[in-house]
Amino acid sequence: MSEGNRKSWAWWRLVTSHELLSAGQWRRRLLFWLGAVLVGLAAIVFAKAADYAFHLFQQLRHLAWWSPFLVTPAVFALLAWLTTGTLNATKGSGIPQAIVAMHVEDEAFRRKLLGLKIAAGKMALTLAALLGGASVGREGPTVHVGASLLYSLGKRFGFSDATSAGRFILAGSAAGLAAAFNTPLAGIVFAIEEMSGAFEHRMSGILLTAVIIAGVVSLGILGNYAYFGSITAMLPLGRAWIAVLLDGVVCGFAGGLFARLILPADTGILGRVNQLRAKAPVLFAGGCGLALVLLSLLSHDGLYGTGYDQAKDILTQTSTTGSGYGVLKLMGNIASYWAGIPGGIFSPALAVGAGFGNNIAALLPGSDTSAVVLLGMAAYLAGVTQAPLTAAVISMELTANRQMAIPILATCLIARGVSALVCPKPVYKALAERLIENSGLAEARKDEGATPSRNAPERD
């Protein structure tokens, strides 16, 4: 080969090795984009099916007021039985499973938590839970589904190394939350604050494109909408800002208490609850379903489902839920989560926060009730997750309200601090660690003297 040809070949190799022109990088990008489209479509189908499933339950309840006494405990027990075997990974919200799968570089363990079978099972069983009136949401499960879809797609086309798999899982999780709520910015913040705990520069473009594409799919089919509609609440400086402190403290405490009560424990009352559930999971789940029905008798609209309608009515001041709705919905959420059935806590948490916010607004005559309720929703969500930025951005995007940005951020920070006094460890991190402990993986790594993964969570 002549000197000129060698130089031309070297130049060509240099150009094609650049990231923008690399065939491998473009194959990865195309997979991310295809995966984001699939996540967006799955989120839409899931949302429509969830609404329909709960609508069927409501119709049955109106036809026969006593039907939940039969249906709800039976569905809870059936779901507990179905999730004791190969569908065990479909339990709960699904966010802890996605976090663990992203951080633990054990392929066999990842396959138990994510995959097409898990995604299909998560959707089907969450729909069954709503058909039975469970007080659960679909947003956490959509995160689990998004992570499973992109992980499976990457693995199918050869991106199965630990780093690539982690990136596919992270992008799928972010796209899932963004598509579930139609909140693109919240999806990105959630990925950074809750899923990864750090921001890798190389991931910025991947995250943005995955979230944007999933959002475009949602916009193209459902149109441009805010989850709770456009809420024009405002909180001017002055006495009304007492609501920031009250919402932050009260809702942050309530959120932290909820998180503490749903975390597995080995001692005390919660330890005994754990032992009871371990001995007879199906019977215990049926009892939780009965508890939800009995609690619902104390609420005018019942405590069933996501609580979306109740939260929206409270926000728009057209609610007939009663002053005890926040406390009752919190207890209903605990009963549903203790049952160990599939379902998320995001939407039900917003409903609880709306109930508490409404109570606080009654103590502040002259203040904008919708504004105080919105602060309560953001604060309670921040208290439950201890992810104040995610809670703040979700609350703003769900209501298409930017005027409340500063009060919401301040309330979420207060709520996060108060929540940490009640529940020192963030709930999703604690649940993720419990998953690792139950798998025996942590002990195996300790016995091998392995150093922590470079992808391990770093934040407290």
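Is it fair to say A371 is surrounded by fewer than 24 Cβ atoms within 10 Å (Cβ to Cβ) and in the same structural domain as G255 (by TED's automatic domain parsing)?
no
Quick check on the stretch 195-241: of everything there that is modelled with pLDDT under 75 and among the aromatic types (F, W, Y), which residue is nearest to the chain's Cα centre (by Cα)?
My answer is Y227.
Quick check on the stretch 258-298: of everything there that is free of Cβ contacts under 8 Å to residues at least 12 places away in the same chain and under 24 Å from the mean Cα position of the chain (by Cα), which residue is surrounded by the fewest Cβ atoms within 10 Å (Cβ to Cβ)?
Initial filter on the stretch 258-298 (free of Cβ contacts under 8 Å to residues at least 12 places away in the same chain): 265-272, 274-276, 278-280, 294, 297.
Then keep just the ones that are under 24 Å from the mean Cα position of the chain (by Cα); that gives 265, 270, 274.
Details: A265: 13, L270: 16, N274: 17.
Checking each candidate, the answer is A265.
Does K312 satisfy the condition of being free of Cβ contacts under 8 Å to residues at least 12 places away in the same chain, of a type in the set (D, E, K, R) and surrounded by fewer than 24 Cβ atoms within 10 Å (Cβ to Cβ)?
No; evaluated as a whole, the condition is false for this residue.
Let me confirm something: among T126, T183, which residue is modelled with pLDDT of 90 or more, under 22 Å from S218 (Cβ atoms), surrounded by 24 or more Cβ atoms within 10 Å (Cβ to Cβ) and in the same structural domain as L41 (by TED's automatic domain parsing)?
Among T126, T183, only T126 is modelled with pLDDT of 90 or more, under 22 Å from S218 (Cβ atoms), surrounded by 24 or more Cβ atoms within 10 Å (Cβ to Cβ) and in the same structural domain as L41 (by TED's automatic domain parsing).
Assess whether T84 counts as being among the β-branched types (V, I, T), closer than 19 Å to A285 by Cβ and at pLDDT below 90.
It is true that T84 is among the β-branched types (V, I, T), closer than 19 Å to A285 by Cβ and at pLDDT below 90.
Starting from residues that are among the basic types (K, R) and within 20 Å of A171 (Cβ to Cβ), keep the ones in the stretch 93-123 and report whichever is modelled with the highest pLDDT.
Only one residue tops the list, namely K122.
Got a sec? Which of V189, V244 is at pLDDT 75 or above, under 18 Å from the mean Cα position of the chain (by Cα) and of a type outside the set (K, R)?
Within the list V189, V244, the selection yields V189.
Going through the stretch 58-72 one residue at a time, which ones are of a type outside the set (S, T, N, Q), touching a residue at least 60 places away in the same chain (Cβ under 8 Å) and surrounded by fewer than 23 Cβ atoms within 10 Å (Cβ to Cβ)?
R61, F69, V71
Working carefully through the options A442, A410, A405, find the one that is within 22 Å of L374 (Cα to Cα) and either modelled with pLDDT under 90 or outside the structural domain of Q386 (by TED's automatic domain parsing) (or both).
Going through A442, A410, A405 in turn, just one is within 22 Å of L374 (Cα to Cα) and either modelled with pLDDT under 90 or outside the structural domain of Q386 (by TED's automatic domain parsing) (or both): A405.
Need a quick list: helices (runs of 4 or more DSSP H) entirely within the stretch 85-147 having at least 1 residues that are closer than 19 Å to A430 by Cβ.
Ranges flagged: 95-103, 107-113.
Yes/no matrix, rows are residues, columns are (1) among the polar types (S, T, N, Q); (2) surrounded by 23 or more Cβ atoms within 10 Å (Cβ to Cβ); (3) touching a Ser or Thr at 6+ places or on another chain (Cβ under 7 Å):
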site: S323; (1), (2), (3): yes, no, no
site: I345; (1), (2), (3): no, yes, yes
site: P348; (1), (2), (3): no, yes, yes
site: G353; (1), (2), (3): no, yes, no
site: G357; (1), (2), (3): no, yes, no
site: P388; (1), (2), (3): no, yes, no
site: A392; (1), (2), (3): no, yes, no
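The values are calculated or read from the model by the stated rules, or taken from the named source; none is laboratory data. Keep in mind it's a predicted model, so treat the numbers as computed, not measured. Positions of Cβ are generated from backbone atoms using ideal geometry, with glycine treated the same way; all protein chains shown enter the neighbour counts.
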